[in-house]
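Student: Before I ask anything, here is the structure I am working with.
The values are calculated or read from the model by the stated rules, or taken from the named source; none is laboratory data. Bear in mind that the values here come from a model prediction, so they are computed numbers and not experimental data. Note: ideal-geometry Cβ built from the backbone for every residue, glycine included; neighbour counts use all protein chains shown.
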Amino acid sequence: MKPYEKLLLANKAWANEKVQDDPEYFSRLAHIQTPKFLWIGCSDSRVPANEITGTQPGEIFVHRNVANMVVHTDLNLLTVLDYAVRALKVEHIIVCGHHGCGGVRAAMTQHDMGIANKWLRNIKDVYRFHRQEVDGIISDDQKIDRMVELNVQEQVMNLAKTSVVQRAWKHEQRPHLHGWVYDLKDGIINPVCEMPAGTDLQDIYEYDDL
Ligand code: CO
């Protein structure tokens, strides 16, 4: 059997099991999608959103990219964000990084990564903002892990800077923003920051005509 054929076989077994437990499972899911959460996570195969949070299909709207970034020129992210906030009306947006993130590790080197340079440069900016603290950490692994936490904080801040989030904050007092970090070593998610709807930002980032 070819490796990909195993996936299709496992899929059939999964679908069968679901229907045996609950005959209406798929017909119910097919008609309605009302997730309360938007998850912005890393593409890393070891950090699957549903599995590590014990959630089922239908419960989390998911966007993943290298190093869980919120980049204001990323049409993909913006489309997901706009749809999740305006149409699905999610209550919470979670940015979830993970210790040992390869994207953050790569950004902390001076290697030319080709096309990825442009993406990773956003993480280099996070390092520039927090250089004093990060340079004070001696262990390389701890340095990366602290950068992962700081990066999550910056990406939560980037969400708050969008007019999509600010408009929903102003008119509907949601969504609440959360920054989490998943630890690959023990499987535990640790919250690192939170921005409840309506949190004050520096004036320059706040739009006054939403
Ligand atoms: Co990663």
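Student: Of a type outside the set (Gly, Ala, Ser), modelled with pLDDT of 95 or more and out of contact with any strand residue (DSSP E or B) (no Cβ under 9 Å at 6 or more places or on another chain): does that describe Asn11?
Tutor: yes
Student: Report whether or not Tyr127 is under 22 Å from Asp44 (Cα atoms), out of contact with any Gly (no Cβ under 9 Å at 6 or more places or on another chain) and of a type in the set (Ser, Thr, Tyr). Full working, then the answer.
Tutor: Numbers: under 22 Å from Asp44 (Cα atoms): yes; out of contact with any Gly (no Cβ under 9 Å at 6 or more places or on another chain): yes; of a type in the set (Ser, Thr, Tyr): yes.
Considered against the rule, which asks whether it is under 22 Å from Asp44 (Cα atoms), out of contact with any Gly (no Cβ under 9 Å at 6 or more places or on another chain) and of a type in the set (Ser, Thr, Tyr), Tyr127 comes out as yes.
Student: Looking only at the range 65-101, which residues are within 16 Å of the ligand (Cβ to nearest atom), assigned to a loop (DSSP other than H, G, I, E, B) and of a type in the set (Val, Ile, Thr)?
Tutor: Val66, Val70, Val71
Student: Of the conditions (1) more than 20 Å from the chain's Cα centre (by Cα); (2) within 21 Å of Phe37 (Cβ to Cβ); (3) small (Gly, Ala, Ser), Gly136 satisfies every one except a single condition; which number is it?
Tutor: Single failed check for Gly136: (2).
Student: Shifting gears a bit: Scan the range 138-166 for residues that are of a type outside the set (A, V, I, L, M) and in contact with a helix residue (DSSP H, G or I) (Cβ under 8 Å, 6 or more places away or on another chain) and jot them down. Steps first, answer last, please.
Tutor: Here is the first cut: in the range 138-166, the residues of a type outside the set (A, V, I, L, M) are 139-143, 145-146, 149, 151, 153-155, 158, 161-163, 166.
Answer for the range 138-166, where residues must be of a type outside the set (A, V, I, L, M) and in contact with a helix residue (DSSP H, G or I) (Cβ under 8 Å, 6 or more places away or on another chain): Lys143, Arg146, Asn151, Glu154, Lys161, Thr162, Gln166.
Student: Looking at the range 113-129, can you tell me whether even one residue there is within 16 Å of the ligand (Cβ to nearest atom), within 25 Å of Asp203 (Cβ to Cβ) and of a type in the set (Asp, Glu)?
Tutor: Checking the range 113-129: not a single residue is within 16 Å of the ligand (Cβ to nearest atom), within 25 Å of Asp203 (Cβ to Cβ) and of a type in the set (Asp, Glu).
Student: Between a residue in the range 56-69 that is surrounded by fewer than 19 Cβ atoms within 10 Å (Cβ to Cβ) and any residue that is part of a strand (DSSP E or B), which pairs come within a Cβ distance under 6 Å, given they are 6 or more apart or on different chains?
Tutor: Pairs found: Val62/Trp39; Arg64/Gly41.
Student: Being part of a helix (DSSP H, G or I) and surrounded by 14 or more Cβ atoms within 10 Å (Cβ to Cβ) is the filter here; which residues of the range 102-121 pass it?
Tutor: Step one: of the range 102-121, the residues part of a helix (DSSP H, G or I) are 102-107, 116-121.
Of everything in the range 102-121, those that are part of a helix (DSSP H, G or I) and surrounded by 14 or more Cβ atoms within 10 Å (Cβ to Cβ) turn out to be Gly102, Gly103, Val104, Arg105, Ala106, Ala107, Ala116, Trp119, Leu120.
Student: Pull up the range 17-48, narrow it to residues that are assigned to a loop (DSSP other than H, G, I, E, B) and aliphatic (A, V, I, L, M), then point me to the one that is nearest to the chain's Cα centre (by Cα). Full working, then the answer.
Tutor: Pass one, the range 17-48, residues assigned to a loop (DSSP other than H, G, I, E, B): 22-24, 32-36, 43-48.
Pick out the ones that are also aliphatic (A, V, I, L, M) and you get 32, 47.
Numbers: Ile32: 23, Val47: 11 Å.
The residue in question is Val47.
Student: If I go through the range 3-52 residue by residue, how many of them are surrounded by 12 or more Cβ atoms within 10 Å (Cβ to Cβ), of a type in the set (Ser, Thr, Tyr) and not assigned by TED's automatic domain parsing to the domain that holds His178?
Tutor: 1
Student: Same structure, new question: Against the conditions (1) part of a loop (DSSP other than H, G, I, E, B); (2) more than 17 Å from Val156 (Cα to Cα); (3) within 16 Å of the ligand (Cβ to nearest atom), where does Thr55 fall short? Just the number, please.
Tutor: Every listed condition holds for Thr55 apart from (3).
Student: Moving to a separate point now. Identify, from the list Lys170, Lys185, Lys124, the residue that is charged (D, E, K, R) and in a loop (DSSP other than H, G, I, E, B).
Tutor: Values: Lys170 fails: in a loop (DSSP other than H, G, I, E, B); Lys124 fails: in a loop (DSSP other than H, G, I, E, B).
That would be Lys185, the only listed residue that is charged (D, E, K, R) and in a loop (DSSP other than H, G, I, E, B).
Student: If we keep just the residues of the range 186-210 that are in contact (Cβ under 8 Å) with a residue 40 or more places away in the chain and not hydroxyl-bearing (Ser, Thr, Tyr), which is surrounded by the most Cβ atoms within 10 Å (Cβ to Cβ)? Steps first, answer last, please.
Tutor: Going through the range 186-210, the residues in contact (Cβ under 8 Å) with a residue 40 or more places away in the chain turn out to be 187, 189, 192-193, 201, 205-207, 210.
With the extra rule that they be not hydroxyl-bearing (Ser, Thr, Tyr), the set shrinks to 187, 189, 192-193, 201, 206, 210.
Numbers: Gly187: 11, Ile189: 15, Val192: 19, Cys193: 17, Leu201: 14, Glu206: 14, Leu210: 12.
My answer is Val192.
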